[in-house]
Structure formats: structure tokens, C-alpha cells
Amino acid sequence: METNNTHFSMPRIGDQAPAFTAVTTQGTINFPADYAGKWVIFFSHPADFTPVCTSEFMTFASMADRFAAANTELLGLSVDGLYSHIAWLRTIKEKIEYKGMKHIEVKFPLIEDITMDISKQYGMIQSGESNTKAVRAVFIVDPKGIIRTIIYYPLSMGRNFEELYRAIIALQTADAFEIATPADWQPGDDVIVPTAGSCGVAKSRMEDTENLDCKDWFFCTKKLDKQKIFDTLLAH
Ligand code: BEZ
């Protein structure tokens, strides 16, 4: 929603993802309805035919199979038009080699948003950075269409896509096992057992208390096997 000439509200974590219909490089989509039952990383980039964005798309596209295995779809957007998108992605595939990646085909949809309607709806135009380009925004949307994570980067900084993959696995693990993940968590590391006030409560909520390690009433961890995580997530 527009509040004045330069400031726009944006959806927040826990909100239903604002719905829109868009033209993309893979046809017209209705978001988030077309993605029901899947996780989505909906992200914006400043402009086609720019170097940081090119490195990002090559990296993201080369990880597409890993995200697909995690029931996660990728969805890009910039304020460029469809023919610019198509020409840029073709150039990437035919000409650009970067960090050992080459002939990279971007198969996920890239939205054209010439009107800026969608990017304004999602707070992707931030006038302190640019009035004509979207910043590097990332919205992680869950299978029910709820926004679960929001990350913003400036124009000058390429994103860390391993971190986005880690965020997807951490969110799915938290949902599946009713735990939280500590700083720098990677699958296989100990997880946090929410204590709801006391270690005793944490213990009473758990079927298996043997692995519970409470340092104090507010800080309990437990082991969570990496294989068990991926077996559980892949079963969903
Ligand atoms: C880039 O992707 O390289 C870029 C885009 C907009 C501004 C600065 C850099």
C-alpha cells in the first residue's frame, strides 16, 4: 500500500503473501495460489544485463535441483520487460562462464514488472537505494502462502545462496521437529528445544529426554541426526 510518494508498506513475516498475477519467462502465474503445497523463494534483482545479478542467477540456477529436492520453487522478479529477461537469460546460457559454471539455463520463472506494481506491493523499491530498480529482496513463502523469512540486500551485494538453502532447511526442520535452530546451525548440529519457561517443561514436552542437554532453565539443546532430518523432509 502506498503511503506517500516515496514510502511503501511491505508485507511482514507471518503475513499471507500478497496475491498477484504476473507475466513471466515461463508463462503467466498466479502467486501464491499456483504454489500451494510448495515452499517458494520469491526474490527480486535490480536489473537484467548487470554483473552481480548475472552471478546470482547462475549460482541460483545451478542449485535448482537442491531446492527442488527440498520442495522449494524459485521465482525471480525485476522491473525489466519480458523480452529483456529472455535476451539476458539466453546470453547467460550461451556466453557467460563464471566460477566453473557455464551453459547455465535458468528454468525458473522470471517476472516482468515494468509497472512496478508487484515490486511496490512487496516493498522492493527502496528510494534510498534506487527509484528505478528493485533492491535484492528475498521472501521465503511456505506451502500455505505465509511469509516466513524476509531478507534484503543492497544493489552492490550479491546474495549468499547457500544461506538461502540453509534458511529453507532450517524453517522446514523447525516445523517438522518443533525445535529452533541456533546461530550458524547446519543440519547435523544440535538444535534448540524451546523451553516455555523451564527445562522441566522442555523435558516434559519431549518423548525422548535422554538427549536433552540443559545448560540452564532457558537453554536446552538436543541432538538431531542429519539423516533423520532429510528422511523426514523428503517424506513430506
Ligand atoms: C549488478 O547486478 O551488477 C548491479 C545492478 C544494479 C546496480 C549495481 C550493480
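Bear in mind these aren't lab numbers, they're just calculated from the coordinates by the rules spelled out. From a predicted model like this one, the values you see are computed outputs, not experimental measurements. With ideal geometry, Cβ positions are generated from the backbone for all residues, glycine too; neighbour counts draw on all protein chains shown.
What the table shows:
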{"item": "Unmet requirement for M10, which otherwise passes all of (1) assigned to a loop (DSSP other than H, G, I, E, B); (2) more than 21 Å from the chain's Cα centre (by Cα)", "result": "(2)"}
{"item": "All positions within the stretch 75-107 that are surrounded by 20 or more Cβ atoms within 10 Å (Cβ to Cβ) and of a type outside the set (S, T, N, Q)", "result": "L75, G76, L77, V79, D80, H85, W88, L89, I92, I104, V106"}
{"item": "Tally, over the stretch 143-159, of residues that are away from the ligand (no atom under 13 Å from the Cβ) and touching a helix residue (DSSP H, G or I) at 6+ places or on another chain (Cβ under 7 Å)", "result": "2"}
{"item": "Test for F43: is it assigned to a strand (DSSP E or B) and within 16 Å of the ligand (Cβ to nearest atom)", "result": "yes"}
{"item": "Odd one out for Y83 among (1) without any contact (Cβ under 8 Å) to a residue 40 or more places away in the chain; (2) aromatic (F, W, Y); (3) within 29 Å of L171 (Cα to Cα)", "result": "(3)"}
{"item": "Residues being within 16 Å of the ligand (Cβ to nearest atom) and in a helix (DSSP H, G or I) - total across the stretch 48-86", "result": "13"}
{"item": "Subset of the stretch 116-140 that is in contact with a helix residue (DSSP H, G or I) (Cβ under 8 Å, 6 or more places away or on another chain) and of a type in the set (V, I, T) - its residue that is nearest to S44 (Cα to Cα)", "result": "V138"}
